[in-house]
Amino acid sequence: MIECIFTIDYEIYGNGAGGLKDLVYDPAERLMATFRKWNARFVPFIEVAELEMIEAGGTDQAIDLVKQQIREFHTDGFELGLHLHPQWYHARYEHGKWLLDYSEYNLCTLGRERITQIVERSIAYLRNVLGEPNFTPLSFRAGNWLFQPSQTAAAVLAEKGIKLDSSVFKGGLQHNSLLDYRPALRNGYYWRFRSDVNIPDPKGPWLEIPIHTDMVPFWKMFTTKRVGLQQKSVSPPRTSRQRLYRALDFLRFWYPLKFDFCRMNLSELTSMMERVIREDSKQTSLYRPVVAIGHTKDLIDLQTVDSFLSFLQANVIAVSTFERAYPRLLKENEETAPLSCCT
């Protein structure tokens, strides 16, 4: 059985550039309308650190629209996930731009006390926006997908009530950040883990449902749409060493192609899903939650999204959320160990 879980990182550019209305609010409004047309829902991963700092600094008048939209998501069945770029919490706004604290770029490399402060602060902000003092998101996605080293951050997040992660993209490698998700290629569509997100542990407190990827020859990454969006995006400045490390990330024949509904064209999206459909036809008893990713700042092609939702409906593939999938995942775990399936 296949279910498709659409997720979108709800954020501006990675160096703090851009406005909330153009890069967050307006794209999300259009995406909501498209999904409502198909009676479907997606999971917005709310980057709360940037929103809190923008609100505190009074630097973007659209913050009130964004907060209103987050409340609308919540009341209309769009599950809210927690997304964190911790470099925002010590950010300064000077001469019309944000200066972020890149010493806190990776949540997982911080001390336990600092991780706890950041997680508590971020959940408190979401609760304040929603006006619900007991709200706790089910799902988490790390900034820049950096959920390594996992042990301390995973423990803190679990203590605060978060039960599911979707940061991993199997086959991922970032030399500069010491991210290596290649061992996860041996895992299935989902698995339990405890201290290392790459290593399944049937008794672990966490569920990992990774962003779906296919390992493809590296040249397949260079489509017109993807390259155009990459050139448009604004990333943090890189040193010469970081640029070298980034080049090393690409110096391999096979590269993980994320199931990105903003950067892929319709042919790529349907081809990736057709491979899952063929796999499912050989072993229909397994549950296959397939996680798609997007970014509000990349959402320029709603026609492709609409056509892909039509494709899913025609192939009787349900569009789900983590909250809807979670009870089934728990049930599957009771019946099978380890919690995984074929890749």
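Given H placed on each backbone N at 1.01 Å, which residues far from Val43 in sequence or on other chains put an amide H within less than 5 Å of it?
Phe6, Thr7, Ile8
Mind giving me the nanometre distance, one decimal, between the label points for Arg182 and Gln117, set 7 Å out from Cα along Cα→Cβ?
3.7 nm
Looking only at the range 4-140, where both bridge partners belong to it, what percent of the DSSP beta bridges are antiparallel (to the nearest 5)?
Of those bridges, close to 25 percent are antiparallel.
Given the C-alpha centroids of the range 252-275 and the range 126-192, what is the distance between them in whole angstrom?
Rounded to whole Å, the Cα centres lie 22 Å apart.
Give, as a single signed number, the net charge of other residues whose beta carbon lies under 13 Å from the beta carbon of Glu279, with Lys and Arg counted +1 and Asp and Glu -1.
Net charge around Glu279: +1.
In whole angstrom, how far apart do the alpha carbon centroids of the range 283-322 and the range 10-41 sit?
Taking the Cα centre of each part, the range 283-322 and the range 10-41 sit 16 Å apart.
Of (1) 21.6, 85; (2) 19.0, 59; (3) 20.0, 63, which one was derived for Rg and Dmax of the Cα atoms in Å from the structure shown?
(2)
Taking amide H positions as placed 1.01 Å from N in the peptide plane, with prolines and chain starts having none, which residues 5 or more places from Leu84, or on another chain, fall under 5 Å of its amide H?
Sorted by chain and number, the residues that satisfy this are Arg141, Gly143.
Mean Kyte-Doolittle hydropathy of 1.0 or higher plus an axial Cα length of 20 Å or more: which whole DSSP H helices in the chain meet both?
The answer is none, since no helix passes both cut-offs.
Among DSSP bridges having both ends in the chain, what percentage is antiparallel? Round to the nearest 5.
Of those bridges, close to 30 percent are antiparallel.
Determine the relative contact order of the chain: mean sequence separation of Cα pairs under 8 Å and six or more apart, normalised by residue count, in whole percent.
Once normalised by length, the contact order is 25 percent.
We did not get these values from a lab; they are worked out from the coordinates using the rules stated. These figures come from a predicted structure and were not determined experimentally. Every residue, glycine among them, receives a Cβ derived from its backbone with ideal geometry; neighbour counts consider all protein chains shown.
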